[in-house]
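S.K.: Take a look at this one; I'll ask things after.
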C-alpha cells in the first residue's frame with residue numbers, strides 16, 4: 001500500500017465587495033483511495049460549505065470570502081491500495097452495455113471535440129483490438145505527437161488546438177487523449193490530482209491532469225504526458241474535461257499567486273515505505289460500478 005502526505009496552499013488578494021470560491025482540492029475518497037487524516041486552514045473567519053459528488057466522489061469546498069488577503073491550506077495523508085489487472089484481460093465495453101454513469105464520457109465536450117477527430121481516430125486506431133492495448137496505443141500516439149512545453153497553452157486551448165500545435169502541458173495531453181478515445185466510443189474522463197514522482201526538471205510540484213478510461217468494469221489510469229508515475233497520483237477531481245475539474249473557480253474580482261504544493265511518500269500503517277514506481281499492469285483507484 002502506498003501512503004502519501006501532501007499539502008496545497010493557495011493565496012489570493014480579493015477586491016471589494018468579496019468573492020465566491022468553489023475549490024476542488026480535497027483528496028477523493030474511493031474504494032481504493034482512503035484519507036488517513038486531513039486538515040483545512042482558512043485565514044479569514046469563514047464557514048466552509050462542503051459537497052461531495054456521489055458519482056465521481058469529487059469533494060468541493062465553497063467559500064464566500066471578504067475582500068483582502070485569503071489563504072487556504074489543505075493537508076492530508078492518503079493511502080492508495082490500487083486495484084490492478086492484467087492489461088490483456090481488459091476489453092472495451094459496448095455502448096449498449098455501458099452503465100448509465102459512464103455515458104457522459106463518450107460524448108464530445110467543451111475541450112474534447114471528439115466529433116471533429118472521428119476520422120483521424122478511426123484511421124489510426126479503428127483496426128486495433130478493442131481493449132486496453134488500443135487505449136495504450138492512443139496514449140502512446142499522443143505522447144509521440146505532442147511535446148511537453150511549459151506555458152504553451154491557456155484556458156481556451158482545446159484538444160484540436162493541441163493536435164494542430166503539437167505542444168502543450170499535462171492538461172492538453174489529457175484533453176487530446178480523451179477526445180481520441182471518445183471518437184472510437186471508448187469512455188474517457190479528465191482527472192485532476194497531485195502526483196509523486198514528476199520529473200523535477202519540469203519545475204516545482206504542481207497540480208497534474210491525467211486520464212481515466214472505462215474498461216471492463218472500472219476506470220483505469222493513463223498519463224499521456226509521461227511526466228509522472230501513475231502509482232503516485234492522488235486523485236482529487238474528475239469530469240468531462242477541465243471545465244468540470246478546476247482546482248479553484250472564482251466569482252468576483254481576485255488576483256492569485258502560484259499554488260504552493262508539496263508531496264512525499266511516507267511509511268504506511270505497516271511501517272513499510274512503498275515508493276511509487278512504474279508497473280506493467282493496469283491500475284485503478286476507483287471502485288467497480290453497479291450496473
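The numbers here are math on the coordinates, done by the rules we state, and not lab data. Because the structure is predicted, anything quoted here is derived from the model rather than measured. Note: ideal-geometry Cβ built from the backbone for every residue, glycine included; neighbour counts use all protein chains shown.
S.K.: Limiting things to C-alpha atoms, what are the Rg and the maximum Cα-Cα separation (Dmax) for region 135-207, in angstroms?
M.R.: 12.4, 36
S.K.: For region 197-291, count all C-alpha to C-alpha pairs, find those more than 15 Å apart, and express that count as a whole percent of the total.
M.R.: 71 percent
S.K.: Once you have the Kirkwood Rh of the chain from its Cα pairs, apply Stokes-Einstein at 4 °C and 1.567 mPa s and quote D in µm²/s.
M.R.: 66 µm²/s
S.K.: Related question: For 286, 217, what's the fewest-to-most ordering of other Cβ within 10 Å of each Cβ?
M.R.: Fewest-to-most Cβ neighbours within 10 Å comes out as 217, 286.
S.K.: Quick one: give the max-minus-min coordinate of the C-alpha atoms of region 188-239 along each principal axis, largest first, in Å.
M.R.: Cα extents, longest axis first: 36, 17, 14 Å.
S.K.: Please report, to two decimal places, log10 I(q)/I(0) for region 139-280 at q = 0.09, 0.16, 0.21 Å⁻¹ as given by the Debye formula with identical point scatterers on the Cα atoms and no solvent.
M.R.: Log10 of I(q)/I(0), two decimals: -0.29, -0.89, -1.42.
S.K.: In what sequence do 264, 9, 212 fall when counting other Cβ within 10 Å, fewest first?
M.R.: In increasing order of surrounding Cβ atoms, one gets 264, 9, 212.
S.K.: By per-residue mean of other Cβ atoms within 10 Å, what is the highest-first order of 172-179, 111-118?
M.R.: Ranking, from highest mean packing down: 172-179, 111-118.
S.K.: Two decimals, Cα atoms only, Kirkwood Rh: what is Rg/Rh over region 92-215?
M.R.: 0.97
S.K.: Using the reciprocal of the averaged 1/r over all distinct C-alpha pairs, how large is the Kirkwood radius of region 1-95 in Å?
M.R.: 15.7 Å
S.K.: Let's test this: bin the Cα-Cα distances of region 73-119 at 5 Å from zero up to the farthest pair and state each bin's percent.
M.R.: Taking all Cα pairs of region 73-119, the binned fractions are 4, 12, 13, 13, 19, 15, 14, 7, 3, 0 percent.
S.K.: Let me check I have the definition right: for region 29-68, take the eigenvalues of the Cα gyration tensor, multiply each by 5, take square roots. What are those semi-axes in whole Å, largest first?
M.R.: Values for region 29-68, descending: 25, 13, 6 Å.
S.K.: In degrees between 0 and 90, to the nearest 10, how far off the longest principal axis of the chain does helix 132-145 point, with axes built from Cα atoms?
M.R.: Between the helix axis and the principal axis of the chain, the angle is about 70 degrees.
S.K.: Between helix 170-183 and the chain, what is the angle of the helix's C-alpha long axis to the longest principal axis, kept within 0 to 90° and rounded to the nearest 10?
M.R.: Its long axis makes an angle of about 40 degrees.
S.K.: Per q in 0.14 Å⁻¹, report the Debye log10 I(q)/I(0) for region 9-163, using one uniform scatterer on each alpha carbon and no solvent.
M.R.: Those come out to -1.07, one per q.
S.K.: Only counting other Cβ atoms within 10 Å, I'd like 12, 220 sorted with the fewest neighbours first.
M.R.: Taking fewest neighbouring Cβ atoms as first place, the list is 12, 220.
S.K.: Let me ask something additional. What is the pair-distance distribution P(r) of region 233-284, computed from all Cα-Cα distances in 10 Å bins starting at 0, with each bin given as a whole percent?
M.R.: 14, 31, 33, 17, 5
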